[in-house]
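Step one of this worksheet: look at the structure below.
The values are calculated or read from the model by the stated rules, or taken from the named source; none is laboratory data. These numbers were taken from a predicted model, which means no experiment stands behind them. Positions of Cβ are backbone-derived with ideal geometry, glycine not excepted, and every protein chain shown enters the neighbour counts. Side chains are part of the model used for accessible areas, which takes the heavy atoms of the whole protein and leaves out ligands, DNA and RNA. Shrake-Rupley method; radii C 1.70, N 1.55, O 1.52, S 1.80 Å.
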Amino acid sequence: MRSVSPSYYQKLFGLTRNPFLRSSLVELEDPTSIFSKQWVDDVLDSLAAETMSGVASAFVTITGPPGSGRSLRLHLLRYSYHRAELDGIYQEISAVEGPDAIDSILSTVYERSRGISKALKKLFLGMPDTLTEEELLNLKASPADAGDMIVKSLNSIAPTALLLDDVHNMLYTDERWSFFFFEMLREIVSVMPEGILIVTAMSDEAYDEVDKRFPALTSRVHERITIPPLTDDEAINLVSRRLSAFRSKIPEAPLEPLTEEVIIAANRLAEGIPGKLLDFLAKSLEVATILGRSRVDMYVFDKVMDSEAEILDYIKRAPPKMRRELEIIIRNFNGGPVILEKVAIEAETPVSIAYSRLEALVVAGLLEKDRAGRYYVPREAMRIERKEEPKIDVEKKEERQRGIPKSILRLKRARRSFF
């Protein structure tokens with residue numbers, strides 16, 4: 001779908017831009033303005049309040065499917081610490097990052113702990129601002145030493161929080177660094193004093209895998225917060241807050257230009273996952289601008305669903321636990337072919353689980369595998385446009401070569417048949 005100019009949103013809806021795009025969060029100084037609280041957030045707020053007051057420490061894990069709002073909650077925690085003039089250290093772990101992720105955590109925590117009265121420390125104590133390459137190598141020789149250094153650095157700026165996002169990505173890296181990371185984390189939560197909050201965010205399947213491989217770590221979790229699906233009322237509140245954050249004029253109704261019926265229909269189609277809900281509503285606004293309509297009603301939403309019908313119907317043919325992987329191959333990889341590891345990373349599931357699900361989809365006939373072991377949707381199953389090499393019609397090409405002697409053409413034919 002083509003990109004719509006912000007001026008169209010201003011003209012038709014009185015919005016500065018499409019408020020349902022993921023990039024909208026970047027423009028906001030206060031992320032609380034677009035957040036709709038759920039009951040689990042009271043638990044998280046209570047634990048954060050205790051650590052911010054310095055009377056307790058806590059190790060919390062936030063789990064949920066992609067798009068459930070794990071990252072947003074970490075950004076909200078960082079904002080809360082910043083507003084209280086405390087340090088909230090946010091670290092996102094990229095896929096297949098391995099030792100680089102560990103380097104980043106060690107260096108960031110160390111440098112942040114040196115941020116207070118840095119000039120005085122340098123003048124009287126001679127303390128460096130950053131870790132040297134040699135120091136990093138020495139720390140990475142032992143998870144216990146690395147964890148101990150992080151705890152000491154965090155304690156020097158307590159109350160503080162270390163917020164680790166997309167921790168499931170450490171499962172895709174080299175086994176050595178995966179073990180190092182989770183053992184380092186176990187050391188941190190084992191010895192951290194009051195005033196320190198450690199929060200990790202990952203998918204549900206990843207947490208189960210970590211629990212199986214590192215039970216000594218998960219046994220120290222104070223609270224696992226599993227994000228539930230949005231109720232219809234929560235979805236309406238979320239949409240209302242998103243719209244309010246990007247309005248340029250006062251509307252006649254809080255949900256304008258959407259109707260409550262559209263929001264409920266989109267939420268149920270998204271199965272209560274905020275990210276999917278926002279994607280459906282973002283497309284609905286774009287379709288409305290293309291149609292020149294100033295209101296997103298069920299007529300517009302049905303147009304969006306018409307374009308999605310074939311994909312949604314095909315995904316529903318798979319068992320519920322396997323639909324995420326199938327949808328990723330269709331939407332993210334244009335139907336494939338794609339290797340197992342890429343699907344696992346996008347689905348945020350361990351490779352072993354992704355493999356069993358994809359193989360089951362192959363047996364069910366919803367996917368096929370090529371000779372290289374890559375997965376793809378059968379061509380006859382859906383009308384998915386794939387990039388193909390242009391076919392050359394040999395006879396037509398030779399007809400355009402009428403100026404070439406027949407002996408040369410015969411030689412070319414013979415050469416082709418030889419190869």
Worksheet entry | Top-ranked residue of segment 93-107 - restricted to ones that are within 19 Å of the chain's Cα centre (by Cα) and surrounded by 16 or more Cβ atoms within 10 Å (Cβ to Cβ), ranked as modelled with the highest pLDDT | Ile93
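Of the residues in segment 300-315, how many are among the hydroxyl-bearing types (Ser, Thr, Tyr) and within 12 Å of Ala265 (Cα to Cα)?
Let us first name the residues in segment 300-315 that are among the hydroxyl-bearing types (Ser, Thr, Tyr), namely 307, 314.
Narrowing further to those that are within 12 Å of Ala265 (Cα to Cα): none.
So the answer is 0.
Just for segment 79-90: of the residues that are open to solvent by 20 Å² or more (accessible area, probe 1.4 Å) and not in a helix (DSSP H, G or I), which one is farthest from Pro159 (Cα to Cα)?
Initial filter on segment 79-90 (open to solvent by 20 Å² or more (accessible area, probe 1.4 Å)): 79-80, 82-87, 90.
Narrowing the set further to residues that are not in a helix (DSSP H, G or I) leaves 84-87, 90.
On the way: Ala84: 10, Glu85: 10, Leu86: 7, Asp87: 8, Tyr90: 15 Å.
Step by step, filter segment 79-90, then rank; the result is Tyr90.
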Worksheet item: Say we look at segment 50-78 and pick out the residues that are under 12 Å from the mean Cα position of the chain (by Cα) and part of a helix (DSSP H, G or I); which of these is farthest from Glu348 (Cα to Cα)?
Response: Leu72
Practice prompt. Please note which helices (runs of 4 or more DSSP H) are completely contained in segment 296-377 and include at least 2 residues that are over 24 Å from the mean Cα position of the chain (by Cα) and over 25 Å from Val239 (Cα atoms).
Written response: 298-316, 351-363
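Consider Asp279 carefully, then state whether it is without any contact (Cβ under 8 Å) to a residue 24 or more places away in the chain, of a type in the set (D, E, K, R) and part of a helix (DSSP H, G or I).
So Asp279 fails the test.
In segment 159-267, which helices (runs of 4 or more DSSP H) lie fully inside it and hold 3 or more residues that are over 24 Å from Val343 (Cβ atoms) and touching a residue at least 60 places away in the same chain (Cβ under 8 Å)? Step through it out loud before you land on a result.
On the way: elements: 175-191, 204-213, 215-218, 232-245.
Per the criteria, 175-191, 232-245.
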